[in-house]
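One structure below.
Derivation of every value follows stated rules applied to the coordinates shown; laboratory data play no part. As the structure is a computational prediction, the values presented were derived from the model and not from experiment. Cβ placement follows ideal geometry from the backbone for every residue including glycine, while neighbour counts extend to all protein chains displayed.
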Amino acid sequence: MTGVALVGQNGHQLDAARVLAAGAQLVGAYDAPPGPGRHYPSLEALLDDPAVTLVSICAPRRADQPALILRALAAGKHVLAEKPLAMSHAALDDVVRHAAAYQRHCYEMDSSGEAPYVAVRRLLAAGQIGAVVQIIARKAYPYADWRPDDPAVDGGLIMQAAIHAARWIVQTCDQTVVRVAAHGTTAGPRPGVLMSAAGIQAQLAGGGVASISASYLHRAESGDWADDELRVYGSAGVIVAAGRARTLRVITAAGLRYHDASACEPMLEQVLARIRGAVPAPSPRRQHHATRVVISAAESAARAGAWLAVPDEP
């Protein structure tokens, strides 16, 4: 079994049950919740353990995460990192180059393989609504006092929340974003301090457009932790995916129909299959493009909504 080790707990860290369900073994952890396996006294001890093949990293400060990733890659480990994998294009460039040099896999934790997004991707690939023209994506979380003021801790609203919507555009809808413009506001529960809402506009390589709405203004009292919606308008129809619904609304000239959306492709299983060589790995350009989108969007928001190009891989 592939040996997995955990580093840090700031975010959606794996646990023993998820690792075992994916057909791997949790070997141990450093600076992470106690569980089965070894409790390493240092990161060096974890990286020196030959039983560890894949390291799952959730850095205490997301801005420091690239440095941890580089150490893991240099030790010959594959890496799965919490979002955002990096917070600048230069840092992401460095990670991509080192992963290639060491011939290691390096991925950002990704929810686009969950329901209902797998079903959306398959319908689009089958041409069910023609060419994609417009995408409207919403990701809203509740406000909480524990949300950090400093984006360096978790990436901030755009890089840790809007990135979900960016993945839907890039990975679910198979689109390449050319340019973005973003605006954010600190009005809301912690005025003047925490960015509570943001809007992102995007131009797509195929001539289409996309928009992202992200906020910390959802209400947990609704019974759902997040308020998500993806609408894809094509040249021959529309697909609507709402939250974790197990059905999609597909509207074409033939009318409205409901499509089963229960299919899922769990991220950890996909990563392990790529490491084992059972399935091909996506190109660095495809796997990191959504991260590039939100890095450029965060830079745009800091520059009063200037249109900025989304760079390609180095």
I need the peptides 34-41, 113-120, 270-277, 225-232 ranked by packing, meaning the mean over residues of other C-beta atoms within 10 angstrom, with the highest value on top. 113-120, 225-232, 270-277, 34-41
Scoring only Lys, Arg, Asp and Glu (+1, +1, -1, -1) among other residues with Cβ under 12 Å from the Cβ of residue 115 yields 0
Which residues among the range 92-123 fall inside the zone where the amide N is under 12 Å from a point 7 Å beyond the Cα of residue 276, along Cα→Cβ? none
Return the sequence-ordered ³J(HN,Hα) values of the range 2-16 in whole Hz as given by the Karplus equation 6.51 cos²θ - 1.76 cosθ + 1.60 applied to θ = phi - 60°, using x for Gly and Pro. 5, x, 10, 10, 10, 10, x, 9, 8, x, 8, 6, 6, 9, 4
At most 12 other Cβ atoms within 10 Å and a DSSP loop assignment: could you name the trypsin sites (Lys or Arg not before Pro) in the range 127-222 that fit? 219
Descending semi-axes in Å of the range 168-296, equivalent ellipsoid built from Cα gyration tensor: 26, 22, 19
Under Karplus coefficients 6.51, -1.76 and 1.60, residue-wise ³J(HN,Hα) of the range 186-191 in Hz, glycine/proline x: 9, 5, x, x, 10, x
Only Lys, Arg (+1) and Asp, Glu (-1) charged, at Cβ; the chain dipole about Cα centre in debye: 720 debye
Over the range 1-136, relative contact order from alpha-carbon pairs under 8 Å, at least 6 apart, %: 19 percent
State, as an integer percentage, the relative contact order of the chain based on alpha-carbon contacts under 8 Å between residues 6 or more apart. 19 percent
How large is the helix-only mean residue ellipticity at 222 nm for the chain, computed as the sum of -39500 (n - 2.57) over DSSP H runs with n ≥ 4, divided by its residue count, in deg cm²/dmol to the nearest 500? -8000 deg cm²/dmol
Normalised convex hull volume, the range 65-124, alpha-carbon set, Å³ per residue: 99 Å³
Rh (Kirkwood, all Cα-Cα pairs) for the range 1-51, Å, reads 10.9 Å
Kirkwood Rh (inverse of mean 1/r, distinct Cα pairs), the chain, angstrom: 20.1 Å
Quick one: Debye curve from the C-alpha atoms of the range 129-218, no solvent, what's log10 I(q)/I(0) at q = 0.16, 0.18 Å⁻¹? -0.63, -0.75
Can you run phi through the Karplus equation (6.51, -1.76, 1.60; θ = phi - 60°) for the range 285-299 and list ³J(HN,Hα) in whole Hz, with x for Gly and Pro? 4, 6, 6, 10, 5, 4, 5, 4, 4, 6, 4, 5, 5, 5, 5
About the Cα centre, charge dipole magnitude for the range 2-108 (Lys/Arg +1, Asp/Glu -1 at Cβ), debye: 120 debye
In the chain the DSSP beta bridges are antiparallel at a rate, in percent to nearest 5, of 60 percent
So if I restrict to the alpha-carbon atoms in the range 1-118, what is the Rg, and what is Dmax, the biggest pairwise distance, in Å? 13.6, 40
Translational diffusion of the range 184-257, µm² s⁻¹ [Kirkwood Rh, Cα pairs; Stokes-Einstein; 37 °C; 0.692 mPa s]: 220 µm²/s
